[in-house]
Amino acid sequence: MNNKIKKLTPQQAIEQGYLFFGYKGLEYQTLNDLSDITDEDIERGVCLFSKEYTTPTCQEDIQTFLADHIQDNWSSETQDDTNDVYEAIMAIDLSDIADRINKVLEDKKYYTLTDIELVKEESEVHGE
């Protein structure tokens, strides 16, 4: 098993398709554009953010979620012990709502910080 920490120069990282870097040891942080990196950044200790990202998605049964929530609120407010509100909502065709929600969430991206360190010189990449 290779436990060696991977290192790249900023140029190598850009060539491999990386876009952003962040500072080691920090949790949630702003994405820093790799093309704007400075020697001072590298001296502070930086790693690459992953190339891939995740977005929030609506994958659960949105209709059941809505029906449960609205029925619960209705029952609390009115003491109605029927399932009329739930059944009325379940009768509606909401088949495209998850797709519509996912569409508006497409630009909400989350990247994870990798353990790939950025170094100034190519000689540091190969441990020379």
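The values are calculated or read from the model by the stated rules, or taken from the named source; none is laboratory data. None of the values given here were measured: they were computed from a predicted structure. Cβ placement follows ideal geometry from the backbone for every residue including glycine, while neighbour counts extend to all protein chains displayed. With ligands, DNA and RNA removed, areas are computed over all heavy atoms of the protein, side chains included. Shrake-Rupley method; radii C 1.70, N 1.55, O 1.52, S 1.80 Å.
Among the residues of the stretch 30-39, which ones are under 18 Å from the mean Cα position of the chain (by Cα) and in contact (Cβ under 8 Å) with a residue 24 or more places away in the chain? Full working, then the answer.
Step one: filter the stretch 30-39 for residues under 18 Å from the mean Cα position of the chain (by Cα), giving 30-33.
The one that is under 18 Å from the mean Cα position of the chain (by Cα) and in contact (Cβ under 8 Å) with a residue 24 or more places away in the chain: LEU31.
Within the stretch 91-101, how many residues turn out to be open to solvent by less than 60 Å² (accessible area, probe 1.4 Å) and either under 24 Å from ASN32 (Cβ atoms) or β-branched (Val, Ile, Thr) (or both)?
2
Can you pull out every residue in the stretch 1-26 that is in a loop (DSSP other than H, G, I, E, B), hydrophobic (A, V, I, L, M, F, W, C) and either open to solvent by less than 80 Å² (accessible area, probe 1.4 Å) or modelled with pLDDT of 95 or more (or both)? Lay out the reasoning, then the answer.
As a first pass, look at the stretch 1-26 and keep what is in a loop (DSSP other than H, G, I, E, B): 1-6, 9, 16-19, 24-26.
Those still in the list that are hydrophobic (A, V, I, L, M, F, W, C) too: 1, 5, 19, 26.
The one that is in a loop (DSSP other than H, G, I, E, B), hydrophobic (A, V, I, L, M, F, W, C) and either open to solvent by less than 80 Å² (accessible area, probe 1.4 Å) or modelled with pLDDT of 95 or more (or both): LEU19.
Given the criteria within 18 Å of the chain's Cα centre (by Cα) and open to solvent by less than 100 Å² (accessible area, probe 1.4 Å), does LEU48 qualify? Walk me through it before giving the result.
Details: within 18 Å of the chain's Cα centre (by Cα): yes; open to solvent by less than 100 Å² (accessible area, probe 1.4 Å): yes.
Spelling it out, LEU48 is indeed within 18 Å of the chain's Cα centre (by Cα) and open to solvent by less than 100 Å² (accessible area, probe 1.4 Å).
Yes or no, residue by residue, for (1) in contact with a Cys (Cβ under 7 Å, 6 or more places away or on another chain); (2) at pLDDT below 85; (3) under 23 Å from ILE70 (Cβ atoms):
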| position | (1), (2), (3) |
| --- | --- |
| ILE89 | no, no, yes |
| ARG100 | no, no, yes |
| LEU105 | no, no, yes |
| LYS108 | no, no, no |
| LEU113 | yes, no, no |
| VAL125 | no, yes, no |
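Give the residue, chosen from ILE89, ILE101, ILE42, that is within 21 Å of the chain's Cα centre (by Cα) and assigned to a helix (DSSP H, G or I).
Details: ILE89 fails: within 21 Å of the chain's Cα centre (by Cα); ILE42 fails: within 21 Å of the chain's Cα centre (by Cα).
Sole residue among the options that is within 21 Å of the chain's Cα centre (by Cα) and assigned to a helix (DSSP H, G or I): ILE101.
For THR64, indicate whether it is within 30 Å of LYS7 (Cβ to Cβ) and open to solvent by less than 60 Å² (accessible area, probe 1.4 Å).
Numbers: within 30 Å of LYS7 (Cβ to Cβ): no; open to solvent by less than 60 Å² (accessible area, probe 1.4 Å): yes.
When the stated conditions are applied, THR64 does not pass them.
Have a look at THR55, THR114, THR78 and point out the one that is open to solvent by less than 70 Å² (accessible area, probe 1.4 Å) and over 24 Å from the mean Cα position of the chain (by Cα). Lay out the reasoning, then the answer.
Values: THR55 fails: over 24 Å from the mean Cα position of the chain (by Cα); THR114 fails: over 24 Å from the mean Cα position of the chain (by Cα).
Among THR55, THR114, THR78, only THR78 is open to solvent by less than 70 Å² (accessible area, probe 1.4 Å) and over 24 Å from the mean Cα position of the chain (by Cα).
From the list LEU66, LEU48, LEU94, exactly one residue is part of a loop (DSSP other than H, G, I, E, B) and hydrophobic (A, V, I, L, M, F, W, C). Which is it?
Within the list LEU66, LEU48, LEU94, the selection yields LEU94.
One line per residue, one yes/no per condition, for (1) among the small types (Gly, Ala, Ser); (2) open to solvent by 60 Å² or more (accessible area, probe 1.4 Å):
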residue	(1), (2)
TYR28	no, yes
SER35	yes, yes
ILE70	no, yes
ILE89	no, no
LYS103	no, yes
